[in-house]
Amino acid sequence: MNLLVTGGAGFAGSNFIRYILRKYPNYRIFNLDKLTYAGNLDNLKDIEGNANYKFIKGDIVDQRMVFKICRNNKIDAILNYAAETHVDRSILDPADFVKTDVIGTYNILEAVKEFKLQKFVQISTDEVYGSLTKGQFTEESPFLPNSPYSASKAGADLLCRSYVKTYKLPVVVTHSCNFYGPYQYPEKMIPLFVTNLMEGKKVPLYGKGENTREWIYVLDHCRAIDFLLHKGVNGEVYNIGTGVEKKNIQITQIFLAELGLDKKMIEFVKDRPGHDWRYAVNSNKLKKLGWSPEYDFDDAMRETIRWYQKNEWWWKKLKSGEYLKYYKKQYGL
Ligand code: NAD
Ligand code: TYD
């Protein structure tokens, strides 16, 4: 199979490419990535010489580019990981979220139609459903996004739905809970907190740290996307989850305990505007089809902390320059 992975130089996309190249030695992967601040070829250093892998620098907002890659490489399927993904950035500056997440997905749908591809998997988020106090989101829950990020993802997912209904395209849309694991850009809570603590810095916990997220290890997410690429029913939407819910303060306490640090390292800061209280998905539909998570939360989180400890070379250079400017603006420093 010839796969086009968009956004493959980011956190989840790079883990997926590595996973697929190991599992299917005959598959060829084309990675189209714009290399925004979040795209990093260091994430793929170990596979850059793989004969079945090719990196192409480019933008999914450029339809000609997406078409050219599909035409020249006999692409069979597209997995769309490319997106602007950080909620706090979307609050400061939504423009690129609308361009990449909505118009980029539109261009991919047009390519799926034009080249009659076998499958398109849209990698999306449970954040499109909004925020919960109790219960779980099902695939039938209404879209009630609260941030420009989740609204842009929701717009893209609705375009996918319309292309299924109107043009009968072979699209599968996924709504996953939060991922954690190696190679996550250190602006998201987990790598930011682990690396701050390693540097002797405090961790900025929003509000009272009571907001709750459901967590999946990135390799379990890769397994789910691989499963849906091959077995997902065209036109269907699937939630991806584990049932593991944690308050942000609980995650922070795990880090403090693992690193032998005191709760004085927590700095409660101003809350995120429109901060979603809780996400939790019902993923019975995917489980009935035959997928379930394999990784234990405590083990995989410990493994993740170890990875950031062992790979300072990877994150130290990211925590400077542009990143610092952003944080200065965010916290008025
Ligand atoms: P990331 O921010 O680490 O990576 C995004 C990648 O997309 C980067 O490599 C970036 O360079 C690339 N990109 C951005 N704009 C592009 C454009 N216009 N053209 C081509 N490439 C572009 O993101 P991630 O955390 O790996 O998330 C991947 C996908 O998974 C996203 O679609 C996100 O919405 C979804 N998702 C993420 C999570 C999570 O917890 N991280 C949870 C659910 C869903
Ligand atoms: P994040 O990693 O940005 O993912 P998302 O908002 O997409 O779920 O944040 C996870 C949770 O951690 C969320 O409730 C916001 C909170 N958070 C903090 O408390 N401090 C931080 O510095 C960040 C980045 C997030």
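Restricting segment 152-176 to residues that are near ligand 1 (Cβ under 10 Å from one of its atoms) and touching a Phe, Trp or Tyr at 6+ places or on another chain (Cβ under 6 Å), which is farthest from Ser320 (Cα to Cα)? Result: Thr174.
Name the single residue that is farthest from Pro186 (Cα to Cα) among those in segment 77-103 being touching a strand residue (DSSP E or B) at 6+ places or on another chain (Cβ under 8 Å) and more than 11 Å from ligand 1 (Cβ to nearest atom). Going through the qualifying residues, I end up with Ala77. If you go through segment 229-238 one residue at a time, do you hit one that is away from ligand 2 (no atom under 16 Å from the Cβ), closer than 17 Å to Val5 by Cβ and part of a helix (DSSP H, G or I)? Within segment 229-238, one or more residues are away from ligand 2 (no atom under 16 Å from the Cβ), closer than 17 Å to Val5 by Cβ and part of a helix (DSSP H, G or I).
Against the definition (farther than 20 Å from Ala280 by Cβ, more than 15 Å from ligand 2 (Cβ to nearest atom), part of a loop (DSSP other than H, G, I, E, B) and in contact with a strand residue (DSSP E or B) (Cβ under 8 Å, 6 or more places away or on another chain)), how does Leu109 come out, yes or no? Answer is no for this residue. Considering every residue within segment 25-43, establish whether at least one is in a helix (DSSP H, G or I) and of a type in the set (Ser, Thr, Tyr). There is no residue in segment 25-43 that is in a helix (DSSP H, G or I) and of a type in the set (Ser, Thr, Tyr).
Restricted to segment 145-202, and to residues there that are aromatic (Phe, Trp, Tyr) and closer than 30 Å to Lys116 by Cβ, the residue that is surrounded by the fewest Cβ atoms within 10 Å (Cβ to Cβ) is Tyr167. Checking Lys74, Lys34 one by one, the residue that is touching a strand residue (DSSP E or B) at 6+ places or on another chain (Cβ under 8 Å), surrounded by fewer than 15 Cβ atoms within 10 Å (Cβ to Cβ) and touching a residue at least 40 places away in the same chain (Cβ under 8 Å) is Lys74 and no other. Confirm whether Asn43 is among the polar types (S, T, N, Q), more than 16 Å from ligand 2 (Cβ to nearest atom) and either surrounded by fewer than 16 Cβ atoms within 10 Å (Cβ to Cβ) or more than 22 Å from Pro186 (Cβ to Cβ) (or both). Answer is no for this residue.
Each value in this text was obtained by applying a stated rule to the coordinates, not by laboratory testing. Remember, it's a predicted structure, so these values are computed and weren't measured experimentally. Note that each Cβ is placed from the backbone with ideal geometry, even for glycine, and that neighbours are counted across all protein chains shown.
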